[in-house]
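Could you have a look at this structure, given as structure tokens, before my questions?
Here, each number is a calculation from the coordinates, and none is a lab measurement. Here the structure is a predicted model, which is why all the values come from computation and not from measurement. FYI the Cβ positions are ideal-geometry reconstructions off the backbone, even for glycines, and counts take in every protein chain you see.
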Amino acid sequence: MRRKKPQKPGWQKIFLEEYGATYSITIAAEKAGVRRRLVYTEREQNEDFKEAMDDIREKSIDIAENALLKAIDQGNITAIIFFLKTQAKHRGYVEDNFANTNATIKVEFVEGGEN
């Protein structure tokens, strides 16, 4: 059985600062001197901590969206295709991954076949 390591008081503040700088739970937990499991437990038990983590995650998504839109403005075809496939499905920009076949299969059973 593993011994519980005593936690540094105030590790949450250090974690949130590092998480806000790196957007990495692993790196932020290491910087705060705690295990990732403790971060997830704290998130489940502390609503303020959860909200702070959620705010940081939303900020990271905003940054990624802005980078995507800049790439689109610069004519990056991959970014354009990705955007249309994820945001313009209602206009027909969808990818069909299903095979469309009209095959007929004929099965015959033969009595007394050899083993």
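Using a 10 Å Cβ count of at most 12 others and DSSP loop calls, identify the longest part of the chain lacking such trypsin sites (Lys or Arg not before Pro). Can you show the working numbers first?
Numbers: sites that count: 2, 3, 4, 106.
That would be 5-105.
Related question: What is the local net charge at residue 72, summed over the other residues whose Cβ is closer than 15 Å to its Cβ (Lys, Arg +1; Asp, Glu -1)?
On the way: positive: 70, 85; negative: 65, 73.
Result for the local shell: 0.
Most fluctuating residue of 55, 96, 73 in a GNM of the chain with Cα springs under 10 Å: which is it?
Looking only at 55, 96, 73, the largest GNM fluctuation is found for 96.
Which listed residue (32, 45, 83) has the Cα farthest towards the positive end of the charge dipole for the chain, taking +1 on Lys and Arg C-beta and -1 on Asp and Glu C-beta about the Cα centre?
The listed residue farthest towards the positive side: 32.
How far, in nm, would the chain grow between residue 27 and residue 8 when pulled straight, counting 0.36 nm per residue and subtracting the alpha carbon separation? Don't skip to the end; give the middle numbers.
Values: separation 19, 0.36 × 19 = 6.84 nm, distance 1.65 nm.
Length gained, residue 27 through residue 8: 5.2 nm.
Compute the Rg/Rh shape ratio of the range 11-91: radius of gyration over Kirkwood radius, all on alpha-carbon atoms. All intermediate terms of the calculation are to be shown ahead of the outcome.
On the way: Rg = 16.7 Å, Rh = 14.4 Å.
Here Rg/Rh amounts to 1.16.
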